[in-house]
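S.K.: Below is one structure. I have some questions about it.
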Amino acid sequence: MSKLVAGNWKMFGNKAMIADIKKIDQYCKEKTCEVAICPPFPLISAAHEQTKNIKIGAQNCHININGAHTGEVSAEMLIEVGAQLILVGHSERRQDNYETNDIVKLKSEAVHRAGATAVVCIGETLEERTADKTLSVLQEQMLKSLPKNITPINTVVAYEPVWAIGTGLVPETDQIRSAHAFIRGFLASTYGAEAHSVKILYGGSVKGSNAKEIFSISNVNGALVGGASLKSDDFIEIIKAASNSI
């Protein structure tokens, strides 16, 4: 299957950086991988207007369509301004905003309800990795965070070891392979044969210099990229590696 490279800008970016998105979009005109960028909410509409070859996504959504929820944004609202995929359950949301697996599941269902793709993030902390609890943590997160009716169209799973996000630390190849193989096995046994085509992304200090090696690992179907997605030249190097790995 084709790789998906998704950039998570987190709380970075301004209107001037729409030019970077346009540059990435133009580069992707003839590329064979899928590319998405998830900028902060205020930039989604402008980014969508400047792109033809990549998808624009969002970093979060509320579980309801509308209501008295000051400061929140629904999946339907995000789609209306151009978002095609929405991140849910990122470790920073789980930690900083106390989002539980149950909340992540409700958000995933909200994204499906709105007709977009939910990128469901899972991953272990360093303490859990050290205690050899990685696979049990991933299983619990998938059991409780994923909706019942997932398909290759409405769901992407992103494995992000929490201890590797923004630290420059990258798990060993065998660690990534083991985690992704476990995730694939869980998806297939839980959701059936169609789940073999659900994309599983790796996230955690992905950059141009290590992307080729990461993309060569079985069951790694792309990457969720943080800091390296903020500079077009850096992000393009990752896109290039994904295109060449197909």
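The values are calculated or read from the model by the stated rules, or taken from the named source; none is laboratory data. In this text, all values refer to a predicted model and were calculated from it rather than measured experimentally. Note: ideal-geometry Cβ built from the backbone for every residue, glycine included; neighbour counts use all protein chains shown.
S.K.: Can you tell me which of Ile150, Ile86, Ile65, Ile56 is in contact with a Leu (Cβ under 7 Å, 6 or more places away or on another chain) and outside any helix (DSSP H, G or I)?
M.R.: One residue alone meets the criteria, Ile86.
S.K.: While we're looking at this one, here's another question. Is at least one residue of the stretch 145-155 crowded, with 22+ Cβ neighbours inside 10 Å and closer than 27 Å to Lys207 by Cα?
M.R.: Yes: one or more hits.
S.K.: Okay, next question. Going by the structure shown, is Gly185 outside any helix (DSSP H, G or I) and over 16 Å from Val35 (Cα atoms)?
M.R.: no
S.K.: Related question: What are the pairs, 6+ residues apart or on separate chains, where a residue within the stretch 26-54 that is modelled with pLDDT of 95 or more has its Cβ under 6 Å from a residue that is of a type in the set (Asp, Glu) and part of a helix (DSSP H, G or I)?
M.R.: Sorted first by the residue in the stretch 26-54, then by its partner, the pairs are Thr51/Asp25; Asn53/Asp25; Ile54/Asp25.
S.K.: Could you please let me know if Ala158 is closer than 21 Å to Ser108 by Cα and buried (at least 18 other Cβ atoms within 10 Å of the Cβ)?
M.R.: Judged against the criteria, Ala158 is a match.
S.K.: Another one. Among the residues of the stretch 218-246 satisfying the criterion of being hydrophobic (A, V, I, L, M, F, W, C), assigned to a loop (DSSP other than H, G, I, E, B) and buried (at least 19 other Cβ atoms within 10 Å of the Cβ), which is nearest to the chain's Cα centre (by Cα)?
M.R.: Top of the filtered list is Val220.
S.K.: Can you confirm whether His62 is crowded, with 16+ Cβ neighbours inside 10 Å, modelled with pLDDT of 95 or more, touching a His at 6+ places or on another chain (Cβ under 7 Å) and not small (Gly, Ala, Ser)?
M.R.: Yes; evaluated as a whole, the condition is true for this residue.
S.K.: Here is a follow-up. So Gly166 clears everything in (1) part of a loop (DSSP other than H, G, I, E, B); (2) free of Cβ contacts under 8 Å to residues at least 60 places away in the same chain; (3) closer than 23 Å to Ile37 by Cβ; (4) under 16 Å from the mean Cα position of the chain (by Cα) except one condition, right? Which one?
M.R.: So Gly166 meets the others, but not (2).
S.K.: Got a sec? Which of Ile65, Ile18, Ile24 is over 19 Å from the mean Cα position of the chain (by Cα), farther than 29 Å from Leu106 by Cα and of a type in the set (Val, Ile, Thr)?
M.R.: Ile18
S.K.: Of the conditions (1) surrounded by fewer than 19 Cβ atoms within 10 Å (Cβ to Cβ); (2) out of contact with any Leu (no Cβ under 9 Å at 6 or more places or on another chain); (3) in contact (Cβ under 8 Å) with a residue 24 or more places away in the chain; (4) not basic (Lys, Arg), Asn101 clears all except one; give me its number.
M.R.: (2)
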